[in-house]
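Step one of this worksheet: look at the structure below.
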Amino acid sequence: MEEPERLHPSSTTGFRLPSPSPPRIASHLKTLTLNPSSRELSPMENPRPQPPAPTPPMAPLPVPAHPPIAPIPVPPPRAPIPAAASVASTSASAAWGGSGDEVEYEVSDDHRAARERHERAVQELLQRRRAYAMAVPTNDSAVRARLRRLGEPITLFGEREMERRDRLRALMVRLEADGQVDRLLRAQEDDQAARVGEEEEEEQIQYPFFTEGTQDLLKARVDIAQYSLPRAKARIERAKRRHEDPDEDPEAEADLVVKQAGEFVLDCSEIGDDRPLTGCSFSRDASLLATSSWSGLIKVWSMPQITKVATLKGHTERATDVAFSPADDCLATASADKTAKLWKPDGSLLMSFDGHLDRLARLSFHPSGKYLGTASFDKTWRLWDINTGKELLLQEGHSRSVYGVGFHPDGSLVASCGLDAYARVWDLRSGRLFFTLQGHVKPVLGVSFSPNGYLVATGSEDNFCRIWDLRKKQMLYSIPAHKSLISHVKFEPQEGYYLATSSYDTKAALWSARDYKPIKSLVGHESKVTSLDISGDGQQIVTVAHDRTIKIWSCRSSTQDNAMELD
């Protein structure tokens, strides 16, 4: 008996599949057994594809009857919406029975305003991109010329260079958007034609790379060369002799001088002026002392009692420095009234040097005594002939004010220092820049050459004193000398065995030139020490300060033990 039809477990459609009966499968297997008396293989040994058993037809599934769908109600007609406040929707006829009707949606005022803001932002972005893609001149004169060619004002009240360039860019974008490209093209063609004309003029005019000097400067350079070469030769021969002579002992002599420098004591103190003192200088034989002050007065004192000899009146502003001539009986002064003056010690005015455009700082005499160097806040230092009063050289090179100037003992070189944190060494015989002393991080206020001819010391606002070697063109040593800025620096004038510095920390200090160790600290001033000087024999040091006092420091030991040996 056959089993009733049943649903297949994997079927989801509801179709019924017949289940095979076991007796039919058994009878079918019996027909595939091997006959032992026959040599032919049974179908099980040699299988062959058998046709599938026929499947009986299936009865169709009954389709359930659904009730009819009610028609969608048609909305009542509305008033027409203006085009600015509505948008047409896409037709949905293909998806919804092909009715072909279009549905309109109302847009709110907030959405419309947001869309308008977005469109304006996009337009501004596109204009900005076009503006930055345009070739706008970077030179301010070219920007002004382009504005003039476009018929616009070349400048507005309070307008700066970058603002003027931005205005030109916005104007070019506006003209391009308005379709006035021909105006832009004509302006660019005019600019190119003007640029070509300027280039042709520059090619025709061959400018020299140097500034031609006067005949007076040429004579001065020749005179300086004739003066410096024999002195340099004598200095080198003397150094060789001292090095080769077994009787000479430079090390022992240096130790003696350094030991004597450690015995400096305060010998005398005197009120120098009613206003702070700015400069001081010994005469060549140390018999006279000159000081300068903010009052504009220059006072000459006799040594060693510090008795006032004369008062030099002539400057209309504060005096900034004073220096005695190394060869003649005269002295020079610098002032904030933009002038330098040459005086006799008795107070008579010999000459005035006018030409600087700003106040003067420091000054110095050439070793020959024929020339005077002045440093000024007009970013230049100048060389003057004291016999004629003419300006021989106006030297630029510093990016900021020049504060100090000093001459080489041979007279061949001059060093200038300034507020640009650089000191520069110049060759007076050729006018070339020899070496730039680069290492300070703040303004350099003092510079001094050593008598040995190859060392230079600089003092700066960074509280450091740096030693430079002209032979190697590099810095040798950096001394953290003071707690405040270094106002002045000077080598001992005989052999340069020690170095003196003054500072705004109310102290002056002495340093060994061999190992740059401190020797002595000269403590006595109550305010900023502005300047110092050392006598020619090295036995006296003078310092002046904002406390208006002059202080003399001396070695007070046995004369035979403490006298410096002169070669």
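The values are calculated or read from the model by the stated rules, or taken from the named source; none is laboratory data. The structure presented is a predicted model; accordingly, all values stated were derived computationally and were not measured. Neighbour counts run over all protein chains shown; Cβ positions are idealised from the backbone, glycine included. We work out accessible area using only protein heavy atoms, side chains counted, and drop any ligands, DNA or RNA first. Shrake-Rupley method; radii C 1.70, N 1.55, O 1.52, S 1.80 Å.
Please label the shape of region 375-524 as rounded, prolate or oblate, based on the square roots a ≥ b ≥ c of the eigenvalues of the alpha-carbon gyration tensor (a/c under 1.5 means rounded; beyond that, a/b larger than b/c means prolate, else oblate). Numbers along the way, then the final one.
Values: a/c = 1.73, a/b = 1.48, b/c = 1.16.
Prolate.
The residues of region 422-567 present an accessible area of 41 Å² per residue when probed at 1.4 Å with all protein chains retained. Both radii were evaluated on the Cα set of region 239-353; the Rg over Rh quotient, with Rh as the Kirkwood radius, amounts to 1.14.
A simple spin-label model places the labels of Glu248 and Asn452 1.3 nm from each other, with each point 7 Å out along Cα-to-Cβ. Cross-link reach is defined here as a Cα-Cα straight distance under 16 Å, omitting same-chain residues fewer than 8 places apart; for Lys520 the lysines meeting it are Lys259, Lys483, Lys490, Lys507, Lys551. For Tyr504, the solvent-accessible surface with a 1.4 Å probe is about 70 Å², rounded to the nearest 10. Counting only protein heavy atoms and using a 1.4 Å probe, the accessible area of Arg112 comes to about 60 Å². Using θ = phi - 60° in the Karplus curve 6.51 cos²θ - 1.76 cosθ + 1.60, the 3J(HN,Hα) couplings for region 317-326 round to 10, 5, 7, 10, 6, 8, 8, 7, 6, x Hz; x is entered for Gly and Pro. Grab the beta carbon distance between Asp515 and Ser484, set R0 = 35 Å, and tell me the FRET efficiency rounded to 0.05. Working from the Cβ atoms, E equals 0.90.
When the surface is traced with a 1.4 Å probe over the full set of protein chains, Trp511 keeps roughly 20 Å² accessible.
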